[in-house]
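Laboratory data are not the source of any read-out in this text; all were calculated from the coordinates shown. These figures come from a predicted structure and were not determined experimentally. Reconstructed Cβ throughout: ideal geometry from the backbone, glycine too, with neighbour counts over all protein chains shown.
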Amino acid sequence: MYSSNDLYTNPKPCKHLAEYKVKNGMCGYNLIQDCFRTTPYGRTTLEMSKLEIPRCSVCSGCQGRLYMCLICSSVFCCLSPESNHALLHSQSQDGHEILVNMERAELYCSVCCDQVYDPDFDKAVMCKLIKGFSRSENGVEESEMRLSKRRRLSFGMDLDSKNMKRLFIRKSKSCFPLGLRGLNNLGNTCFMNSVLQVLLHAPPLRNYFLSDRHNREICRKMSTDRLCLPCDIDLIFSAVFSGDRTPYSPTQFLYSWWQHSENHATYEQQDAHEFFISMLDKIHDKEGKASLAIKDNRDCQCIAHRAFYGLLRSDVTCASCGFTSTTHDPCMDVSLDLSACNSSRKDFASKSSKPNESLVGCLDLFTRPEKLGSDQKLYCENCHEKQDALKQMSIKKLPLVLCFHIKRFEHSPTRKMSRKIDCHMQFPLSLDMKPYLSSSIVRKRYGNRIFSFDSDESDVSTEFEIFAVVTHSGMLESGHYVTYLHLRNQWYKCDDAWITEVDEEAVRASQCYLIYYVQKMLYHKSCEDFSCQPMSLRADTFVPITGCC
């Protein structure tokens, strides 16, 4: 595996930021350093006063985005391109082009009308974090340190190693498995970090990238694409399994993903499930091109499909004559309803049924026959007319890695409102999927008769072991994603840059959103693999750590 990729550098500052730094240096950054505040979910803001609400110096309004000038410290608003007092200020005052977004604590150029990046600015933010940590060791309240520890870390952080070790590395009685490394939050990127931690420890993907099946140097020579997402994933694998325990910043990957998914190129919080599916799609787009011509996804040999590809079977049966229409749909995950109410109910506000409290209950609901509504009647080829029908789902083909997406977010089209289902769901550590296979469902439908069905797959492994759970805490509009990894019979909490050992009760008390299982034979093999074992104490690359949470 190669350890560098010279295609990537820090983004170049705009000319206005470059001119500002030539004239003023770090003076403006240092002056506002004590005004940075951090929420428990890692969002950094600029707070000039705890008592007064910041208002625009021109219109005295507090709506829209507010920016503070780094030269005169005045605050200006930007409601729209037509009502941009920040731009008017820079046009009237020479050299006042660079401001700070007070809500996000990010640099903004009013002339370019865009966010700009400067590693020195992020270093100033981190220095405030270091100071807060030092004070906590001398007796300052622990809450201050906790508010600071999840601050968004810089892209090109260059802090001295002594302070970094004090922040993230403490001695522990037990060694963490190789490959457990925190990922820095780059600005509301907990959704990305949580999914990356899963992919880093999914045995098929881990074995693929650590065996150098995607070689960055070869890919660079053979491909004309400047940006390659699998190359950036390979780079993360190299960094995470290098033995270095300081948190890693996946900035190159984030930039590449933004280029491949322009509609997701934002610092806003995003959905971890959507990001997971987008990741697999982008890997397939790249890896699929390198293989032979593919007629459909079932023949694709890219690592995304080899690991996560499954097949769902849908049977729609005529209630009059029993004629059954069968279709098969590819899937990369299985989405399960958390509410026991029929999904065809249009208004969730009227639901009174108790939500399912177990993964097995959700799977039973998923494969249960469902009567279709009057607007979904089946055109029966036997009756030659539309008839009432029953629909039943089952799993035709199991993947190596099984992902369950728990539908915690519901949307009502009639009331035009949304909600999050806040309840805990029980899940087994070991799961037998045989009752939910198409062969079992069809056999049960016909009275468990003993004869061969066309969907029988006697040689398929149906036993799975859990290895990761992605959880969501907080509200629908804003929240925080955390991943729990089950490695060598121990649970580890991956909360952005912080890795800690936790017990099983802590995992079960969380609100699971994505649950990942792997076929049992692969799980046990991965536990015995050298890359999951602690290295010898004589090897300098392994450092015992505990997290700071």
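Take 204-211, 103-110, 366-373 and order them by the average number of nearby Cβ atoms within 10 Å per residue, most first; the result is 103-110, 204-211, 366-373. When peptides 269-279, 395-405 are sorted by average Cβ neighbour count within 10 Å, with the highest value leading, the order is 395-405, 269-279.
Please tell me which of these pairs span more than 30 angstrom C-alpha to C-alpha: Lys391/Lys434; Lys391/Lys420; Lys444/Lys520; Lys23/Lys123; Lys282/Lys391; Lys407/Lys493? Checking Cα-Cα distances, Lys282/Lys391 exceed 30 Å. In terms of packing, defined here as the mean over residues of other Cβ atoms within 10 angstrom, the peptides 178-187, 85-94, 377-386 line up highest first as 178-187, 85-94, 377-386.
Backbone geometry of region 480-497 corresponds, through the Karplus equation with coefficients 6.51, -1.76 and 1.60 at θ = phi - 60°, to 3J(HN,Hα) couplings of 9, 9, 9, 10, 10, 10, 9, 10, 6, 6, 9, 8, 10, 9, 10, 10, 6, 7 Hz, x marking Gly and Pro.
With 0.36 nm allotted per residue and the present C-alpha distance subtracted, the Leu476-Gln259 stretch has 75.4 nm of extension available.
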